[in-house]
Each structure stands twice: as structure tokens, then as C-alpha cells.
Amino acid sequence: MIPDPAPTLRQLLAFYMDAGVDCALAEDPVNRMLDDAPEPATASEAAEPRRSVRPALQTQPSVELPRTAPPTPDAAIVSAREAAATAQTLEALRDLMQRFDGCALRGTAKQLVFADGNPQAKLMLVGEAPGRDEDIEGLPFVGRSGKLLDLMLAAIGLDRSKVYIANVIPWRPPGNRTPTPQETQICLPFIKRQIELVNPDLLVTLGNPSTQALLGTRDGIMRTRGRWFDYDTGLRTIRALPTLHPAYLLRQPTYKRLAWQDLRAIATALAAISA
Ligand code: URA
């Protein structure tokens with residue numbers, strides 16, 4: 001039932017924004033209540049127009065990726081694993097991720113959010129997935145939680161020139177929804193290869209999703225945070241510390257004292273490495 005008076009366009013847009021609907025998936029609206037409504041675009045169809053606006057990528061002399069999305073999530077995971085293993089440098093990894101069309105998120109995100117910071121850094125931080133600001137800028141942690149992350153790093157004398165930052169999922173999920181387990185599994189080979197190539201001495205997982213995805217934990221973040229884990233890259237073991245996600249700290253500032261304990265543990269571990 002349409003309320004009386006009917007909402008204005010501005011009110012409707014505000015409603016959509018509040019509900020997390022802040023990006024258009026197609027030029028024209030589709031009435032899916034009609035019997036002959038067109039099928040929703042598949043990941044590859046959604047991704048297809050983007051390929052044509054990235055002519056530079058077509059000239060990259062790297063691995064041949066499938067032209068259409070793999071038919072099943074399992075095939076997409078295998079395809080991601082095989083592609084990631086071929087990347088010998090971070091640049092090559094970024095290139096092949098930009099062309100990978102096995103993850104539907106690529107079709108709805110504005111761009112790939114690969115990383116920020118110093119690839120030579122001893123400390124690598126991994127978050128969950130880009131949000132709206134990151135999608136616009138193409139860099140991880142540039143929104144409100146990113147500003148808090150910068151303050152947290154500054155508290156132990158670090159900034160983005162001294163750390164490397166990435167996410168488990170490199171494309172923004174529409175409306176900032178939680179990535180599905182399948183999307184996480186498809187993207188996991190890429191972040192694992194990224195960690196292998198950066199080869200940091202310390203890994204910090206920000207929040208529960210990245211902790212569970214990378215460290216294989218099942219407990220919640222309140223149990224895992226502040227505990228050191230071993231992360232095996234296949235080539236060597238890296239010490240890894242889960243901590244609270246800055247977005248969570250913005251909602252629950254009283255837990256900042258726990259994050260501070262974790263930051264001090266990170267600073268101590270870094271000092272021991274440099275000694
Ligand atoms: N939250 C994340 O997990 N990653 C980002 O890049 C931004 C917010």
C-alpha cells in the first residue's frame with residue numbers, strides 16, 4: 001500500500017540508501033514480478049561490459065583466464081587457485097585478479113581493491129572486504145574504519161608506509177552485505193598468494209571473518225584476539241595475531257582497550273624482529 005501522501009523521490013532514495021541499496025546494477029529497472037522478466041545477469045554477463053572499458057588490461061601478457069564465469073562455485077575456486085599460483089609478482093597477481101570473472105562481486109563492484117601500503121613491510125594487515133569508500137577510491141580502509149585503523153597504527157609509531165594492507169575479498173559486496181561463504185572460498189587463493197608474495201614477518205587479521213578465513217579458527221573473535229597463531233604460507237610459517245576490526249571498535253568503543261593490548265603485542269613482536 002502506498003502511504004498517503006506518497007513519498008517524494010528524495011525520501012525514496014534516502015530509504016534505499018538506509019537499506020544499503022546504493023549502487024545500480026543495470027541501466028534500466030527490471031520488474032521481476034512479471035512472468036517474462038529477463039533472467040538476472042550471470043556473473044560473466046555482469047562483468048562483460050567492464051572488460052570492454054579496460055582496454056589496457058587486454059594487452060597484459062599474462063596467464064589465459066577463462067572468458068566466461070566457471071559454471072560452478074567449485075570450478076571458480078579451482079580456477080582462482082590455479083590462476084593465483086601462476087602469479088610471480090604482486091603486479092601479476094593484481095592483473096590476473098582484475099581479469100578474473102569467477103566471482104560475481106566483480107560485476108557489481110566499481111573496481112578491484114587490491115592493497116595499500118608498502119609491499120616490503122614486515123607487518124601485513126588483512127580485513128574482510130571493501131566498503132563504499134574503498135570501492136570508490138580503489139584502496140582498502142579509507143573510510144571511517146580506515147581512519148581509526150590509521151590512528152591505531154599511529155599509536156605504535158606506524159603508518160601506511162610501514163605496513164601492507166589488503167582484504168580477504170577484493171571487491172565490495174553490494175550494499176556492504178556480508179560476503180557469502182562461496183565468495184570467500186573463491187577469493188581465498190588470491191589473498192593467500194598475496195600474503196605469500198609480500199612475505200611479511202607478522203600477519204594481523206582484522207575481525208572475525210578474516211581470522212576464520214585465514215587462520216581456520218572456529219571460535220569468535222573475542223576468544224581468538226590477542227592469541228598468536230602460526231600461518232603457514234607453504235614456504236614458511238608466519239606469526240599471526242587476530243585483533244578486533246576497527247568498524248567493530250567504532251560501534252563498541254569500550255573494547256578499544258583490548259585492541260590496545262593487541263597493538264602493544266604487535267609493537268613488541270616487531271621490535272623483537274628488528275633487534
Ligand atoms: N572494512 C574492511 O574489512 N576492509 C576495508 O577495506 C574497509 C572496511
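I'd like the full set of residues that are closer than 12 Å to C187 by Cβ and either modelled with pLDDT under 95 or touching an Asp or Glu at 6+ places or on another chain (Cβ under 7 Å) (or both), limited to region 67-86. Answer for region 67-86, where residues must be closer than 12 Å to C187 by Cβ and either modelled with pLDDT under 95 or touching an Asp or Glu at 6+ places or on another chain (Cβ under 7 Å) (or both): just P73. T89: touching a Cys at 6+ places or on another chain (Cβ under 9 Å), surrounded by fewer than 21 Cβ atoms within 10 Å (Cβ to Cβ) and modelled with pLDDT of 95 or more, yes or no? Here the answer is no, as T89 does not meet what is asked. If you filter region 209-253 down to residues that are touching a strand residue (DSSP E or B) at 6+ places or on another chain (Cβ under 9 Å), under 24 Å from A271 (Cα atoms) and among the aliphatic types (A, V, I, L, M), you find that the one that is farthest from the ligand (Cβ to nearest atom) is I238.
Counting just the residues of region 169-200 that are among the polar types (S, T, N, Q) and out of contact with any strand residue (DSSP E or B) (no Cβ under 6 Å at 6 or more places or on another chain), which one comes out surrounded by the most Cβ atoms within 10 Å (Cβ to Cβ)?
Checking each candidate, the answer is T184.
If you go through region 73-111 and pick out every residue that is within 18 Å of A129 (Cβ to Cβ) and of a type in the set (S, T, N, Q), you end up with 3. Scanning region 119-155 for residues that are more than 11 Å from the ligand (Cβ to nearest atom), more than 21 Å from I195 (Cβ to Cβ) and not charged (D, E, K, R) gives I136, L151, A154, A155. Scanning region 167-197 for residues that are part of a helix (DSSP H, G or I) and within 16 Å of the ligand (Cβ to nearest atom) yields P174, G175, N176, E183, T184, C187, L188, F190, I191, Q194, I195.
Kindly indicate whether any position in region 172-185 is among the basic types (K, R) and either closer than 29 Å to I273 by Cβ or in contact with an Asp or Glu (Cβ under 9 Å, 6 or more places away or on another chain) (or both). Yes. Among residues of region 213-236 being under 22 Å from W260 (Cβ atoms) and charged (D, E, K, R), the one that is surrounded by the most Cβ atoms within 10 Å (Cβ to Cβ) is R225.
Residues in region 254-263: is at least one in contact with a strand residue (DSSP E or B) (Cβ under 8 Å, 6 or more places away or on another chain), within 16 Å of S145 (Cβ to Cβ) and acidic (D, E)? Within region 254-263, one or more residues are in contact with a strand residue (DSSP E or B) (Cβ under 8 Å, 6 or more places away or on another chain), within 16 Å of S145 (Cβ to Cβ) and acidic (D, E).
What tally of residues in region 136-163 results from selecting those that are touching a residue at least 40 places away in the same chain (Cβ under 8 Å), within 19 Å of P209 (Cβ to Cβ) and more than 10 Å from the chain's Cα centre (by Cα)? So the count comes out to 6.
For region 237-265, the tally of residues that are within 26 Å of V198 (Cα to Cα) and either aliphatic (A, V, I, L, M) or modelled with pLDDT under 95 (or both) stands at 8. Scanning region 204-256 for residues that are hydroxyl-bearing (S, T, Y) and without any contact (Cβ under 8 Å) to a residue 12 or more places away in the chain gives T237, T254, Y255.
Of the listed requirements (1) surrounded by 21 or more Cβ atoms within 10 Å (Cβ to Cβ); (2) out of contact with any Leu (no Cβ under 6 Å at 6 or more places or on another chain); (3) farther than 19 Å from G157 by Cα, L203 misses just one: (3).
The values are calculated or read from the model by the stated rules, or taken from the named source; none is laboratory data. All figures in this text were calculated on a predicted structure; none of them were measured in a lab. Backbone-built Cβ (ideal geometry, glycine too); neighbour counts: all protein chains shown.
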